[in-house]
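Below is one structure, written out as structure tokens; the observations come after it.
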Amino acid sequence: TVSSIRALPEIAAAVGDRTEVLFDGGIRSGQDVLKALALGARGTMIGKAFAWSLGAMGEAGVTMGLEIIRKELDVTMALCGLKDVKEASPAILRQS
């Protein structure tokens, strides 16, 4: 079977601008968020990361978990030369 991240570009292309594609499946870091956005998602869900943070430290854990993901996203964008998530495209994933 195909993983959700591998299926994402084809799904995003198929629906085009008719609806927003939200990606949920395997988001654990800011890097995962940027990859999903680059492959066509309009946004991401973070169910397991949220649940783990809540279970570990309650409300403060969720706040900390979200902040970690946001900071990872900021650093990853900077390393890719991006200033806005709207600039994300598959081309950033092919750089070596």
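Helices of the chain meeting both criteria, an alpha-carbon length of 24 angstrom or more along the long axis and an average Kyte-Doolittle score not below -1.0, with helices taken as full DSSP H segments, are 47-79. Per-residue surface analysis assigns THR44 an accessible area of about 40 Å², computed on protein heavy atoms at 1.4 Å probe radius.
State in Å² the accessible area per residue of the range 1-63; use a 1.4 Å probe, count heavy atoms of protein chains only, and round to the nearest integer. Could you put the intermediate results ahead of the total?
On the way: 4030 Å² over 63 residues.
Per-residue accessible area for the range 1-63 comes out at 64 Å².
In terms of solvent-accessible area of protein heavy atoms at a 1.4 angstrom probe, what is the ranking of GLU20, GLU59, GLU87, GLU72, highest value first?
Largest accessible area first, the list is GLU59, GLU20, GLU87, GLU72.
What are the trypsin sites (Lys or Arg not before Pro) within the range 14-68 that DSSP puts in a loop, where the Cβ has at most 14 other Cβ atoms within 10 Å? Let's see the in-between values first.
Details: sites: ARG18, ARG28, LYS35, ARG42, LYS48; in loops: ARG18, ARG28, ARG42.
Filter output for the range 14-68: ARG18, ARG28, ARG42.
How many percent of the accessible area of the chain is carbon or sulfur, using a 1.4 Å probe? Carbon and sulfur: 57 percent of the exposed surface of the chain. Highest GNM mean-square fluctuation among ALA12, ALA60, ALA38, for the chain modelled with Cα contacts below 10 Å: ALA60.
The values are calculated or read from the model by the stated rules, or taken from the named source; none is laboratory data. Every value quoted in this text rests on a predicted model; they were computed, and no experiment measured them. Methodologically, a virtual Cβ is constructed for each residue, glycine included, from the backbone with ideal geometry; neighbour enumeration extends over all protein chains shown. The protein model used for the area step is the full one, side chains on, heavy atoms only, and it has no ligands, DNA or RNA in it. Shrake-Rupley method; radii C 1.70, N 1.55, O 1.52, S 1.80 Å.
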